[in-house]
1. Where does the range B:70-117 land on Rg(C-alpha)/(2.2 N^0.38 Å)?
2. Across peptide B:17-29, what mean number of C-beta atoms from other chains lies inside 10 Å of a residue's C-beta?
3. Mind checking the alpha-carbon convex hull of the range B:324-389 and giving the volume per residue in Å³?
4. Based solely on C-alpha atoms, express the radius of gyration and the Dmax of the range C:1-91 in angstrom.
5. Considering only the other residues whose Cβ falls under 12 Å of the Cβ of A:Ser396, what net charge follows from Lys and Arg at +1 and Asp and Glu at -1?
6. Assume the label is 7 Å from Cα along Cα to beta carbon: what separations in nm does A:Glu104 have to the matching positions in the other copies?
7. Once the label point is placed 7 Å from Cα along Cβ, list for B:Lys369 the distances to the corresponding points in the other copies, in nm, shortest first.
8. For the range B:242-319, what is the convex hull (Cα atoms) projected area averaged across all directions, in square nanometres?
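Taken together, the values in this text are just the output of simple stated rules run on the coordinates, not laboratory data. Since we're looking at a predicted model, the values are computed, not measured. Note: ideal-geometry Cβ built from the backbone for every residue, glycine included; neighbour counts use all protein chains shown.
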Amino acid sequence: MALQRRQFSFLACIFQVVIFFLFSKFAKYSEKAMPSYDLKKVFNDTDYPLFQDIHVMVFVGFGFLMAFLKRYGFSAVSVNLLLSAVIIQWALFLRGVMSKEFRETGYFSISIADLMISDLSCVVVIISMGVLLGRLTPTQFLLLSLLESSFSIFVEFYLFEQLHINDGGRALVIHTFAAYFGLAVSKAGYSSHIMDTGPDGSISHSELFSMIGTLFLWIFFPSFNAAEQDIPNARMRAILNTYLSMASCTVMTFLLSSLTDKYGRFNMIHVQSSTLAGGVAVGTVANVIVYPRDAILVGAIAGALSVVGHAYISPSILEKKLKIYDTCGVHNLHGLPGLLSGIMSVFFVLYYDPAIYGKDIEKIYPYWKGGRRNGDRDKYTQAYYQSLGIIIVMVSSIVLGYITGFILRLPWVHKVNEKSYKDKHIHFDNEFQFLPKYWNSLELRRSLNVRLEEPVSPMREDSIY
Amino acid sequence: MALQRRQFSFLACIFQVVIFFLFSKFAKYSEKAMPSYDLKKVFNDTDYPLFQDIHVMVFVGFGFLMAFLKRYGFSAVSVNLLLSAVIIQWALFLRGVMSKEFRETGYFSISIADLMISDLSCVVVIISMGVLLGRLTPTQFLLLSLLESSFSIFVEFYLFEQLHINDGGRALVIHTFAAYFGLAVSKAGYSSHIMDTGPDGSISHSELFSMIGTLFLWIFFPSFNAAEQDIPNARMRAILNTYLSMASCTVMTFLLSSLTDKYGRFNMIHVQSSTLAGGVAVGTVANVIVYPRDAILVGAIAGALSVVGHAYISPSILEKKLKIYDTCGVHNLHGLPGLLSGIMSVFFVLYYDPAIYGKDIEKIYPYWKGGRRNGDRDKYTQAYYQSLGIIIVMVSSIVLGYITGFILRLPWVHKVNEKSYKDKHIHFDNEFQFLPKYWNSLELRRSLNVRLEEPVSPMREDSIY
Amino acid sequence: MALQRRQFSFLACIFQVVIFFLFSKFAKYSEKAMPSYDLKKVFNDTDYPLFQDIHVMVFVGFGFLMAFLKRYGFSAVSVNLLLSAVIIQWALFLRGVMSKEFRETGYFSISIADLMISDLSCVVVIISMGVLLGRLTPTQFLLLSLLESSFSIFVEFYLFEQLHINDGGRALVIHTFAAYFGLAVSKAGYSSHIMDTGPDGSISHSELFSMIGTLFLWIFFPSFNAAEQDIPNARMRAILNTYLSMASCTVMTFLLSSLTDKYGRFNMIHVQSSTLAGGVAVGTVANVIVYPRDAILVGAIAGALSVVGHAYISPSILEKKLKIYDTCGVHNLHGLPGLLSGIMSVFFVLYYDPAIYGKDIEKIYPYWKGGRRNGDRDKYTQAYYQSLGIIIVMVSSIVLGYITGFILRLPWVHKVNEKSYKDKHIHFDNEFQFLPKYWNSLELRRSLNVRLEEPVSPMREDSIY
């Protein structure tokens, strides 16, 4: 039992010690950060302000977006912080050792661009965490982080370095992968009592906290989709496309939210989640689209799809038929719009005349014929590879998610006795909290001067397995 | 009845379809966003970080500032998001077709500077929304957005292109116009039962949400006032002036808030609202003032004026005598300080020796004698035109606001039966909410397994008309 | 009595008037902000985005971090705003008159770099405010601000201009100084009834508000530590070091928080506060460390130290033995990690080979031999001066804090009758609020149509003296 209680601390300690030695041996800072390097100015020569926009999205945006659950808001925000702190170190290392620099020199270097892409790896895990929120122990979340971030980096590497597909705002390798990965983990861990105790209650204040998350994601989504663009004109296009797509998506969300309600009212969930679908759906093609009209169209379709997903697909297909429980409705915010974004990338490569990109086309489709990489693709072969990319993301996310789900069910990870869990209905209030009511109990102890009875440790109870 | 419930969705749909076709035909992206354009870097060649500051102000700042009403916080933040998504598309189009480029080429192009100025158009409507908060249906808010943003763009065009006045931080065309426009709409829609059911209750948590808004507005106000400056030294002056003005305004607010309280306590409303008056009041002259002292003075006057407005003018003149109900106290945050800003612009053009601006004077007062526009003004004629600008803003905002108020009262817009409204006191809790208690009702349905009784649709009820 | 109630307004008024005249006589804007100056672009030629990051930290970050107290959240955020508005004016002036420019020309000029460093002066006072939260009147806080910001500027001046020590992210002159200064004030003002009425209750919503503060501080801490670096490569190093240090600190915090709990749960206080210790502890050496490994190590030690501080040092040593009450646990977030940072600066100057800094070493250790200042130091003498710096910060903060504490106890500052304070237990709810329940009382008055009884003014009651 004692070992069980300390399992998380034990694993976290191993992680941090290993990271320390790995970074000692293999990591160094980019030349730009070394003394005597003639960097002109941090804001001119690096993407620091862009990185900060994404940093706000990861910690405040996604953190608070998931704070809508009653009794779970603080845990959601905290676990988000913990996992991100783990992943940014792990992703820095993993991407480092997969770099050309590492293969050539035996070490990898860290610059602000690396911080930015590590933050994107956090987003992958955080999205899956949204599916599973309230149903995993910290130990399980920790394992999930390490496994999923590794898998996603390999898939991303394969898509970009082997298939040479374009995924501008990373809607495929981040949003789609993460959503279906999370759903597969949820499916692998399904057990009947979840639906009864589903922590889906929320109160108006939690909803407002959640809107803090929604709004910061809404505001900085143009930065997110622009982050990994190499050439400035593509980056600016990504910004403009995302801005327009999100505006039309938001109007569409309110419109359909009212339509799907019997009395014409708006639904809080749609406002919190579907308004962001436009940013996801424009992702893959954020650097591709060159006409404002097309960005508006993609956003409108995404908003419609997401509301329909929330209103019909999630409750009747995912929950009822497939028995997959999706706490934050991640399928409708990241899954469907991400898939739409992939399909759009096939559509636009066929629809647009490649001539409009001029020489810059190889910056968008790296294996285009006549480019520096000696590619041989035209619009049809590129469309084929883009389609292949979608299939690989779907298959890999579901298969790897299932595997991860089974790993998280292993006896040494999962110690909760389901029978005891069902009996202890009296501890319901704590079941989805990782955190004791510190001050309250402290106050109580002080005022009553009595020792508190031993509470049931919530960390061992709130598991789906 | 069904048609009535779907009125909002119907109008929003028309809007989005029309925007799609208008953008298809007339809009394209700026050359900078097109492939092959040699943009050096988004952060050097565009105002993206400044735009993001303002984006945060519009969605988080103004959204949460209005979240202080009990039972209305979520609606305030959501409607703010909806209206802004509508206006940024509409304002992009309207400013586009009024541009020189459109007259010459038949299309207009979109760059990051255009996103920034569209966000400013949102601010106009959001400020008026603050006056009317809790008293309009979504359909009415949608119409208000389209009408007011169009009017304000025309007024702004007239002031800048015809009168050639200086309104650096746009205190006249944004804050003053919006405040008096909103008050006129409120006056046109006055009906006696408002005061009884005024949704002015708040609880301490709502107040803290509101402070999120206040603080983000406070922090980024220098960016707001600097946004539309063409020359960098004027932009920097706007930043410094706003910073100092807000600091002295905040001290003045606390000082007077304590003085106006019998027991020397601070008033939450003053802290939330009057502390921002310094940013508004320095607006028009943000690029004019060249001495720190003057910025401090303007801020101090603004803080005093705003507290006096909250403490005496709003309750005894606006509400009692003029029967104008101003939910968020917009008159004291935007109206009076905006007016002060206009008057300051007259004062400073007379008080400062024009020689201190050197050649740059024509960047501030575009029709100054000897400039490129072949103007013929000296300080006295410029002061005359600045005064004329104030009068035009006041008259146009009040007249157009009244007209808009009457349009919103038209039978096909306003369907609420006042008698039924008064009888249904039992539904008070929902009256100022656009949103059903989704999760709670869902929970209830699940646990009780009964069909809920048909609730009164709040969307049809919460109208001032 | 009337005079007593108006004491705050009176002092604030004197302050603002004096500032106006001082700025009239001595202040002007930087040449860059003056018309005709050929500034290329605000974002290239100034540190405006960096300044805005710090501005967010000061007003949103620290403001909300302190909002965790039940019944005191709004006051914490408001007083933070008030004091910051006072200090940014005062620090601008004080640093101005201590500048070389002032000595040579008789005036000082204000640029964006000056706004940034004035914001840092706010941080000093805000940290001390965290120790004293809920126990001072506004008048006392106002005096504290003026005294402490002045003292800290003198100490900082002495350390940098006389001792020539390196304190890159200002962990010594900001975090350490402020923490021990606040603790000394708290000690000087100790009276027995504090522990009984300690306002340490919090509810889950307050905790989430507090996380808004924590997260914005977490996100922008790299900017904080980079702010005062002159050379871009040092600034970038500060960013990277802080990022890694905070990541490892966060993992360590969760790990140890779980270990120190009997049932393996996480502690809210640790999550809110200790996760930031990595940013503080890396401060002084943020520009010194050149290997990622070392940043990770410093962060891990800081996290461990801070959790141990919260769990053992604060309750058993500070509170029980030393009778020092520290409302926000400032000692564990700023005190201990700041001290650690100082010690690290001694360690790294000895441990690293000075050759790795090349010519840039004099930008880090200004008095290094062979630099432009004709210094004569090697690693041992620099280590001596760094140690001397720690001692001076510790001694000066404690002595000056004590003196300030006694000044705040002077009869004309402190008017609360302790006896009456103890008797009035009925007013407990208001005791730690500066603000009347404006709306509620208004509502009550309206609905009951009765005049409210005269409440006890909380401003006079909630003092520790």
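1. Working: Rg = 15.1 Å, N = 48, 2.2 N^0.38 = 9.6 Å.
The value comes to 1.57.
2. On the way: counts 1, 0, 8, 6, 1, 2, 9, 6, 1, 2, 5, 4, 11.
Partner Cβ neighbours, averaged per residue: 4.
3. On the way: hull volume 6.9 nm³, N = 66.
Spelled out: Cα convex hull of the range B:324-389, divided by residues, is 105 Å³.
4. Both quantities, over Cα of the range C:1-91: 18.0, 57 Å.
5. On the way: positive: none; negative: A:Glu148, A:Glu156.
Around A:Ser396, the charge tally is -2.
6. Copy-to-copy label distances at A:Glu104, shortest first: 4.6, 4.7 nm.
7. 6.9, 6.9
8. Working: hull surface 20.2 nm².
It is 5.1 nm².
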